[in-house]
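Novice: Quick one: structure below, then a few questions.
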Amino acid sequence: MKIRYFYTLLLFFSPLTLNSKEIVLDKIIARVNGRNILKSHLEESRITKSAKPFSLDELITDEIVVQKAEELGCTPSANDLEAAINAEKIEFGGKGMTHEEFERERLQEIGLTLPQYRTQLYRFHSTEHLIGRLITNKLVISAQDIEEYYKKNPVYVEEAFHIMLANAENDKNKKDTIRWRDFGWFSHDQLDTVYRKAVVKLKPGQATAKPINKDGKLQHIMLKDHKKRHIEALTTRYNDIKNHLKEERREPFVKDFVADIKTKAYILFP
């Protein structure tokens, strides 16, 4: 083992001579509990950082956390990783996209190969599983916490109009012969000026008495429904608020946890 270790160090710290040319394979820039962090790692795009590379400190922290996840059995399985890759493939290119197409059309844009992407997914999910096991499950968010946040942070839903339109040949069209088309909901600002001027005068279920002129075309407009500006209901926001509070409270836990395991790590800079 010592001979193998010594050979590995020579390999990474020394250039390889081939046909009288020097080829530098890689360089060790740090060791964390016996594991190497290489110069190429410092240059690699990161999926958790908008394709930007990690700093050396971020690489060291990532390695320490992943090692702890492996120690506690919090790593994803091969099936988990494959499912994550397939989900990303479907989102990006739809069903039927091959791994090769995904690598060529998606990953190469951010400078990654499929093996690099798989490794980064492994590290990301290991971290998430670890945090979930040690920290997130200990964070209790009560209904009272959620209600207090809801009252202090209202979210307003803007006024909206549900409209229906119909083409009109002339002003003599009868309402009962009109063929209406449902165009759905629009906010006040989304409505075209011509439509907005007509629809604000209507009540739900009412239509314009005469067709309106929109870009030289005569149209009928009906207000099918109307919602006034209002505060979004707690039932609609409940889960979002709960997740927000969990994330907000999780940060100091994560920070303290990482700081603790980092002080216990053996870090060497060759």
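The values are calculated or read from the model by the stated rules, or taken from the named source; none is laboratory data. Keep in mind the model is a prediction, meaning the values are calculated, not measured. So basically every Cβ, Gly included, is an ideal-geometry build from the backbone, and we count neighbours across all protein chains shown.
Novice: Phe253 - would you say it is loosely packed, with under 11 Cβ neighbours inside 10 Å and either closer than 15 Å to Leu165 by Cα or not assigned by TED's automatic domain parsing to the domain that holds Leu165 (or both)?
Specialist: For Phe253, the condition - loosely packed, with under 11 Cβ neighbours inside 10 Å and either closer than 15 Å to Leu165 by Cα or not assigned by TED's automatic domain parsing to the domain that holds Leu165 (or both) - is not met.
Novice: Test Glu147 against the stated conditions and say whether it is out of contact with any strand residue (DSSP E or B) (no Cβ under 9 Å at 6 or more places or on another chain), closer than 30 Å to Ile231 by Cα and at pLDDT 90 or above. Walk me through it before giving the result.
Specialist: On the way: out of contact with any strand residue (DSSP E or B) (no Cβ under 9 Å at 6 or more places or on another chain): yes; closer than 30 Å to Ile231 by Cα: yes; at pLDDT 90 or above: yes.
Considered against the rule, which asks whether it is out of contact with any strand residue (DSSP E or B) (no Cβ under 9 Å at 6 or more places or on another chain), closer than 30 Å to Ile231 by Cα and at pLDDT 90 or above, Glu147 comes out as yes.
Novice: If you don't mind, there's one more thing I want to ask. Could you tell me whether segment 233-244 includes any residue that is closer than 24 Å to Phe183 by Cβ and not assigned by TED's automatic domain parsing to the domain that holds Phe183?
Specialist: yes
Novice: Out of all the residues in segment 181-195, which are farther than 12 Å from Met164 by Cβ and crowded, with 17+ Cβ neighbours inside 10 Å?
Specialist: Residue satisfying the conditions is Leu191 alone.
Novice: Follow-up question, since we're still on this one. Among the residues of segment 201-233, which ones are surrounded by fewer than 17 Cβ atoms within 10 Å (Cβ to Cβ), under 30 Å from Asn153 (Cβ atoms) and in contact (Cβ under 8 Å) with a residue 24 or more places away in the chain?
Specialist: Asp225, Lys227, Lys228, Arg229, His230, Ile231, Glu232
Novice: I'd like the full set of residues that are assigned to a loop (DSSP other than H, G, I, E, B) and modelled with pLDDT under 90, limited to segment 92-113.
Specialist: Gly94, Lys95, Gly96, Met97
Novice: Still on this model: Working only within segment 69-91, note down all residues that are outside any helix (DSSP H, G or I) and either of a type outside the set (S, T, N, Q) or closer than 22 Å to Leu42 by Cβ (or both).
Specialist: The answer is Leu72, Gly73, Cys74, Pro76.
Novice: For Leu25, state whether it is touching a strand residue (DSSP E or B) at 6+ places or on another chain (Cβ under 7 Å), at pLDDT below 90 and surrounded by 11 or more Cβ atoms within 10 Å (Cβ to Cβ).
Specialist: Judged against the criteria, Leu25 is a match.
Residues are listed down the side, and each one gets a yes or a no for (1) modelled with pLDDT of 90 or more; (2) assigned to a loop (DSSP other than H, G, I, E, B); (3) closer than 29 Å to Thr61 by Cα:
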| site | (1), (2), (3) |
| --- | --- |
| Ala209 | no, yes, no |
| Asn213 | no, no, no |
| Ile221 | yes, no, no |
| His226 | yes, no, no |
| Tyr238 | yes, no, no |
| Arg250 | no, no, yes |
| Asp256 | yes, no, yes |
| Ala259 | yes, no, yes |
| Lys262 | yes, no, yes |
